[in-house]
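For reference, the structure is listed below as structure tokens.
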């Protein structure tokens, strides 16, 4: 925890000196790694979206904070038209390192800690909605990607990342891995 607060403090110092931060928006596919996901939701993925900030620590090295949201649902006709829903909310705090490949194209490497809230709900015409929440635990994330600056001044960039979120629940009725693979496309807006 001391390391994390030290990173945030140095990011805030760099932010104060450079007066620059990066606003991020992204969306894409989330492939949950829970072993019952495909059989329950009749799919291996669904859409997710997110937003966040990157604060400069030094050239091409950023502290990142972002929030991501994933929701899916399925109708289970074999059980009196029951509906199952899964919500996962991710809060990521980590580091983003960029290395120039050529011109205005960068290789991205990121990782850090995540806090994930998991909620699973079921309902049917015969019974009220029942909700289960997974136990509260920290997880981690890591990934690689590419980024390209779109304008000469460097105010806008597009990026694509392949990320993995790990978050295990040991709660009896919601047991297993509730992380997964994220394949996302996004935009960075460099603000001064």
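Structure above, values below:
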item	result
Residue that is farthest from residue 161 (Cα to Cα), among those in region 53-79 that are within 13 Å of the chain's Cα centre (by Cα) and crowded, with 19+ Cβ neighbours inside 10 Å	70
Among the residues listed as 40, 13, the single one being farther than 22 Å from residue 109 by Cα, in contact with a strand residue (DSSP E or B) (Cβ under 9 Å, 6 or more places away or on another chain) and at pLDDT below 65	13
Criterion violated by residue 136 - all others in (1) under 22 Å from residue 22 (Cα atoms); (2) under 22 Å from the mean Cα position of the chain (by Cα); (3) loosely packed, with under 15 Cβ neighbours inside 10 Å satisfied	(1)
Residue match in region 115-125 (condition: in contact with a helix residue (DSSP H, G or I) (Cβ under 7 Å, 6 or more places away or on another chain) and under 14 Å from residue 180 (Cα atoms))	yes
In region 139-192, residue nearest to the chain's Cα centre (by Cα) [restricted to those that are in a strand (DSSP E or B) and without any contact (Cβ under 8 Å) to a residue 24 or more places away in the chain]	164
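The values are calculated or read from the model by the stated rules, or taken from the named source; none is laboratory data. Note that the structure is predicted; figures quoted are calculated from it, not measured. All Cβ positions, glycine included, derive from the backbone under ideal geometry; neighbour counts span all protein chains shown.
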